[in-house]
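To start, the structure under review is shown below, and the notes come after it.
The values are calculated or read from the model by the stated rules, or taken from the named source; none is laboratory data. In this text, all values refer to a predicted model and were calculated from it rather than measured experimentally. Here Cβ is always computed from backbone atoms with ideal geometry, including for glycine, and neighbour counts include all displayed protein chains. These accessible areas exclude ligands, DNA and RNA; they are computed on the full protein's heavy atoms, side chains included. Shrake-Rupley method; radii C 1.70, N 1.55, O 1.52, S 1.80 Å.
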Amino acid sequence: MAPAHPEQKAPPVKSTVFRRLRKNKVAFVSLWFIVAVHLVVFLGPLFWRVDPEALTTAGGLAGWSLQHPMGTDNIGRDVFARMLHGGQVTLLVGLTSMVFSVLIGVLIGASAGFFGKAVEAVLMRFTEAMMAIPNFFFVLVALTVLGTNPVMVVVVIAISSWMEITRVVYGETLKWKEYEFVEAARSSGATRFRTLFRYVIPQIIPTIIVAATLCIAWAILTESAISYLGLGIQPPTPTWGNMLQNAQQYIWTAPILGILPGMAITLIVLAYNMLGDGLRDALDPKYVKK
């Protein structure tokens, strides 16, 4: 009699998600593109030790060369160095704003969905009131009143972008809190806060991850837009957005000054959106192999 085959173990969840994501070519390429951009932007200045604010001997609007791989801007600053340092600021603003947006959105959405009654009424009406305000105009007004230092830019972008995350988390919390394991936890004596943070919120993490990637894209786009309008992070600190602002008057004589930061913003935002779509499918338990 042939020996019984040992029971096969299910693959780890992380391995399963990565395998699903790899099947989505667009999302997988987007992931590696994002990783590559972050490595270049944050590690590049360690090797390219050119001051982004220093005036070079090449003069203004110099062409590409070994000394200046992307040329110089209108006053003679190295464009490659400014792209690296400006990318650091833009990406850090996006990542930091996302973290605060997710924290606010998860806290409000999960509390409203789990506790219900008066808590739900107050928090969700407040969320709906915030959603009634056009996000971009709220950012413009807030920065005009509160100032344009980097910390304020991060805070304002975060305050303007948590509502969508709240709505998603609220709906997911309403679904998960009705499951039997949640009722069992409460019956075993777990407090409501422990039940929420130990048993409900972990089930929503895949949804939060997807929302976070889309939130980063929105934050980067918003920071770039307000910097272009002169209400974001101010020079001499470079960002991809204020590099666009400085390049607009040279759109015909030196278009590359606008094309480089414009392409960087477009590609990184598109990559985050594509990655978010891919993660949504990869983290879906109903995923069907095609």
**Complete:** Within the stretch 188-199, residues part of a helix (DSSP H, G or I) and either in contact with a Ser or Thr (Cβ under 9 Å, 6 or more places away or on another chain) or of a type in the set (Gly, Ala, Ser) (or both) come out as Leu196
**Hits in the stretch 249-274 (condition: in a loop (DSSP other than H, G, I, E, B) and surrounded by 18 or more Cβ atoms within 10 Å (Cβ to Cβ))** = Ala254
**Prompt:** Would the stretch 200-213 turn up any residue that is over 24 Å from Lys177 (Cβ atoms) and assigned to a helix (DSSP H, G or I)?
**Reply:** yes
**Request:** Read through the list (1) aromatic (Phe, Trp, Tyr); (2) crowded, with 20+ Cβ neighbours inside 10 Å; (3) modelled with pLDDT under 90, then give the number of the only condition that Phe181 fails.
**Result:** (2)
**Message:** Restricting to the stretch 228-248, count the residues that are touching a residue at least 24 places away in the same chain (Cβ under 8 Å) and either open to solvent by 30 Å² or more (accessible area, probe 1.4 Å) or part of a helix (DSSP H, G or I) (or both).
**Reply:** 11
**Complete:** In the stretch 31-57, anything open to solvent by less than 50 Å² (accessible area, probe 1.4 Å), in a loop (DSSP other than H, G, I, E, B) and free of Cβ contacts under 8 Å to residues at least 24 places away in the same chain is listed as Thr56
**Request:** Confirm whether Asp277 is over 30 Å from Gly60 (Cβ atoms) and outside any helix (DSSP H, G or I).
**Result:** no
**Message:** I want to confirm something. Restricting to the stretch 92-121 and keeping residues that are within 11 Å of the chain's Cα centre (by Cα) and surrounded by 23 or more Cβ atoms within 10 Å (Cβ to Cβ), which single residue is farthest from Asn242 (Cα to Cα)?
**Reply:** Ser101
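Yes/no per residue for (1) at pLDDT below 90; (2) of a type outside the set (A, V, I, L, M); (3) on the phi < 0 side of the Ramachandran plot:
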site: Ile159; (1), (2), (3): no, no, yes
site: Val168; (1), (2), (3): no, no, yes
site: Gly189; (1), (2), (3): yes, yes, no
site: Phe193; (1), (2), (3): yes, yes, yes
site: Ala212; (1), (2), (3): no, no, yes
site: Gly232; (1), (2), (3): yes, yes, yes
